[in-house]
1. How many angstrom separate the Cα center of region 224-302 from the Cα center of region 1-68?
2. Could you line up Tyr340, Tyr247 from fewest to most neighbouring Cβ atoms inside 10 Å?
3. Mind running the shape call on region 23-128? Use the C-alpha gyration tensor, a ≥ b ≥ c as the square roots of the eigenvalues: rounded below 1.5 for a/c, prolate if a/b tops b/c, oblate otherwise.
4. Hey, what number do you get for the chain at 222 nm if only DSSP H runs of n ≥ 4 count, each worth -39500 (n - 2.57), divided across all residues, to the nearest 500?
5. Set Lys and Arg Cβ to +1 and Asp and Glu Cβ to -1, take the dipole of the chain about its Cα centre, and tell me which of His217, Ala34, Pro359 lies farthest positive.
6. Sequence gap at least 6, Cα distance under 8 Å: using those rules, report the relative contact order of the chain to the nearest whole percent.
7. With +1 assigned to the C-beta of every Lys and Arg and -1 to the C-beta of every Asp and Glu, and no other charges, what is the dipole magnitude of the chain about the Cα centre in debye, to the nearest 20?
8. How would you rank Arg54, Arg345, going from fewest to most other Cβ atoms within 10 Å of each one's own Cβ?
Amino acid sequence: MSDQAGVESELKGQRIELPSWAFGNSGTRFKVFAQQGVPRDPYEKIADAAQVQRFTRVAPTVALHIPWDKVDDYRDLARHAAEQGVALGTINSNTFQDDDYMLGSVCHPDAGIRAKAVAHLLECIDIMDATGSRDLKLWFADGTNYPGQDDIRGRQDRLAEALAKVYARLGPNQRIVLEYKFFEPSFYTTDVPDWGTAFAHCLALGEKAKVVVDTGHHAPGVNIEFIVAGLLRAGKLGGFDFNSRFYADDDLMVGAADPFQLFRIMFEVVKVDAHRPESNVSFMLDQCHNIEPKIPGQIRSVMNVQEATAKALLVDRDALGAAQRVGDVLGSNAVLMDAYNTDVRPLLADVRRDLGLDPDPMAAYARSGYREAIVKERVGGRQAGWGA
Ligand code: PSV
Ligand code: MN
């Protein structure tokens, strides 16, 4: 697609999900720097996320992380979200912060610990029933640090057994989306280290199990768009956790470290119309804003995804196909680079004007006075942070 009106209409329909934890304080294992006005509970996190939606209109859902976002009444939280103009999205499970999980969760050698982890995952599906969420995101910190520490194959059997129990509990419109990560916190083996392992488990489970690609979860130099193309081809791409990395799982703003990579990924996506909400591929941010302000950090990230998508949509696919068919290596590369090198900011400003928005969401947020208001209001209480 390369006509401007068509591209603009696709961009208006784009949907990007925000993570509740992006609005809380975060840091590294060395220091968490507290910021003023940071939410103190899930209700305030949702209010902040709603600001991102207010100024971009493409971020209408907020993902929760359980137990960080545990509340007494999830229907009430969903009602609060609706009042703020957003909805609750993916439920992210957490089987990595309880002392019992030192040697793993669903792959743990002890059946009692495995049962505890599965019970948590089933509880997450209860929450999905209350919030109306479609996806349960599974990321397991399971693995080993030393050769011989546990049985590599046995742990895969335990993983398969746990996944099957969770899968059996899914409602007809619910899915599990399984995320992989090549290392950390384990350093010798990781039980779901790569797309292949996640894919094999999802294939064995069935239609309602899909793979999540967290862009920060690969070794340097890995060709992520190749993985994306393959998963899309197999109908097994559940969605993305977007962020960027320089070294490991840095969780920096998507499109900040390598906007060209994001463009290449989005090109594989738009080629098969998987950016459209009806494709059921989710586009989530999984980021932490350690040193930058959080709401503008999320707005900038949403804008970065929009820019990469716009460029991907602008690729002249007829010209690309023609050049590829005759083996014109430089010509086909030039078609792709032409789109990448286009300044899409004016086009996105038009999209926003058509949606009744300020063409510059960063400036509009800064002018809104929201930051000043939350700094004034949110005194006392305990600020939410990574792990709360
Ligand atoms: C793990 O590194 C991960 O990417 C998973 O998605 C977790 O749920 C998330 O980070 C927590 O920030
Ligand atoms: Mn992630």
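Bear in mind that the values in this text are calculations on the coordinates, not laboratory data. These numbers were taken from a predicted model, which means no experiment stands behind them. When we count neighbours, we look across all protein chains shown, and the Cβ atoms used for this are built from the backbone with ideal geometry, even at glycine.
1. With region 224-302 and region 1-68 each reduced to a Cα centre, they are spaced 13 Å.
2. Tyr247, Tyr340
3. Judged from the Cα gyration tensor, region 23-128 comes out oblate (a/c at least 1.5, b/c at or above a/b).
4. On the way: 14 runs with 176 residues, N = 388.
Value at 222 nm, helices only: -14500 deg cm²/dmol.
5. With unit charges placed on the Cβ atoms, the residue in question is Pro359.
6. Working: 708 pairs, mean separation 85.1, N = 388.
Value for the chain: 22 percent.
7. Numbers: 43 positive and 54 negative charges, 70 e Å.
It comes to approximately 340 debye.
8. Details: Arg54 19, Arg345 14.
Fewest-to-most Cβ neighbours within 10 Å comes out as Arg345, Arg54.
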